[in-house]
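Below is one structure, written out as structure tokens, with a few remarks after it.
What follows is calculated from the coordinates using simple rules that are stated; it is not laboratory data. The structure presented is a predicted model; accordingly, all values stated were derived computationally and were not measured. Methodologically, a virtual Cβ is constructed for each residue, glycine included, from the backbone with ideal geometry; neighbour enumeration extends over all protein chains shown.
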Amino acid sequence: MIGLRALGVQAGDEVITTPFTFFATAEAISLIGARPVFVDIEAESFNIDPAAIEPAITDRTRVLLPVHLYGRSADWSPIEEIASRHGLRVLEDAAQSIGARFEDRMTGALGDAAAFSFYPTKNLGAFGDGGLLVTDDESVAETARMLRMHGERSRYQNEMLGYASRLDALQAALLRVKLRHLNTYNLARRDAAIRYGEMLAGLEAVTAPRVTVGHVFHQYTIRVHDGRRDEVRRRLDEAGIGTMIYYPIPCHRLPVYAAEYADVSLPVAEAAAGEVLSLPIWPSIEASVQERVARAVWAAVG
Ligand SMILES: Cc1ncc(COP(=O)(O)O)c(C=O)c1O
């Protein structure tokens, strides 16, 4: 929300984003009184489909808000090309992608500004809530600093309605230590993803994610075909293996938005919501644990 407001988004504006994300992405837009305009995703990456963005641009469009889902960068070249052609600013939702790259550029350094999350489950997790906004635009930075501190530029001179959104010093101290290990953690996640890919190769009922350049595998999310996702999940659960579904309902079908977006159909995102399954992954996961998971997946679809 701070990022959107610092980029100038106001009530009545439109922000183009993906429906296949955690609700917070869209919620931030709506809380400002702006309107999320959801466009479909790419089937392979689960990220916003750049080809769907341009047809959705109107006079009211102010910002593009792509998400680097599961730790994989959105396809950035066409996004920045469209933004520059239409004079739009771009905010990255980098909540899941700290340390990830698009080609040789870091996510967070691609757009006009980027928002990171330090929620404990993230690749760089605090011991409670926390987040970070980055930008290389001095005026965006200044507005963001004011918004995080009740709209103050100088003490007790409140100029706008803001928030209490400071990072706790305790969390910052913990994050500073963990930050030194982020690269190691992310490389270990990638190694784990490569191992899963080998273990699941040849399984036709499942599509495993590609290990693309710069992907940091916040999640290792497979696609289970033929309507068998929930059954596979149940079988894994019976074997004592926890999985998650990110996300079971695309944003435009959530109860909070369902009536407003009843006429909107985004078939790729809707299909993904019925097929995705995130397998256990963390930096120190052992190959033997992954073997057990992979064997259970084979058994469930075999
Ligand atoms: C894609 C995405 N956007 C936004 C958020 C919100 O992050 P936070 O809860 O730290 O505000 C999350 C985290 O849960 C997320 O995964």
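Any chance you could count how many residues in the stretch 251-285 are among the small types (Gly, Ala, Ser), surrounded by 18 or more Cβ atoms within 10 Å (Cβ to Cβ) and within 16 Å of residue 26 (Cα to Cα)? Qualifying residue count, the stretch 251-285: 1.
Residue-level check: of (1) closer than 23 Å to residue 36 by Cβ; (2) not in a helix (DSSP H, G or I), residue 144 misses just (2).
Contact map, the stretch 110-123: first residue farther than 13 Å from residue 25 by Cβ, second residue polar (S, T, N, Q) and more than 8 Å from the ligand (Cβ to nearest atom), Cβ cut-off under 6 Å, separation 6 or more or different chains; pairs are 113/135. Counting only residues that are more than 23 Å from the chain's Cα centre (by Cα) and free of Cβ contacts under 8 Å to residues at least 60 places away in the same chain, which one in the stretch 130-144 is nearest to residue 118 (Cα to Cα)? Selected residue: 142.
Given the criteria within 16 Å of the ligand (Cβ to nearest atom) and either assigned to a loop (DSSP other than H, G, I, E, B) or touching a strand residue (DSSP E or B) at 6+ places or on another chain (Cβ under 6 Å) (or both), does residue 175 qualify?
Working: within 16 Å of the ligand (Cβ to nearest atom): yes; either assigned to a loop (DSSP other than H, G, I, E, B) or touching a strand residue (DSSP E or B) at 6+ places or on another chain (Cβ under 6 Å) (or both): no.
No, not satisfied.
Highlighted here are the helices (runs of 4 or more DSSP H) found entirely within the stretch 1-60 that include at least 1 residues which are in contact (Cβ under 8 Å) with a residue 12 or more places away in the chain and within 12 Å of the ligand (Cβ to nearest atom): 2-6, 24-31.
Cβ-Cβ below 8 Å, separation at least six or inter-chain, first residue in the stretch 76-89 and of a type outside the set (D, E, K, R), second outside any helix (DSSP H, G or I) and exposed (fewer than 11 other Cβ atoms within 10 Å of the Cβ): which pairs? What qualifies is 76/103. For residues that are over 19 Å from residue 214 (Cβ atoms) and outside any loop (DSSP other than H, G, I, E, B), scanning just the stretch 82-122, find the one that is farthest from the ligand (Cβ to nearest atom). Here the answer is 85. Evaluation of residue 281 against the conditions (1) closer than 19 Å to residue 121 by Cβ; (2) touching a Ser or Thr at 6+ places or on another chain (Cβ under 6 Å) shows that the sole unmet condition is (2).
Part of a helix (DSSP H, G or I), among the acidic types (Asp, Glu) and either touching a residue at least 12 places away in the same chain (Cβ under 8 Å) or within 20 Å of residue 45 (Cα to Cα) (or both): does that describe residue 204?
Working: part of a helix (DSSP H, G or I): no; among the acidic types (Asp, Glu): yes; either touching a residue at least 12 places away in the same chain (Cβ under 8 Å) or within 20 Å of residue 45 (Cα to Cα) (or both): yes.
So residue 204 does not fit the description; no.
Hey, among 226, 237, which residue is over 24 Å from the mean Cα position of the chain (by Cα) and either assigned to a loop (DSSP other than H, G, I, E, B) or within 16 Å of the ligand (Cβ to nearest atom) (or both)? Answer to the selection: 226.
Restricting 209, 248 to those that are part of a loop (DSSP other than H, G, I, E, B), within 18 Å of the chain's Cα centre (by Cα) and surrounded by 14 or more Cβ atoms within 10 Å (Cβ to Cβ) reduces the list to 209.
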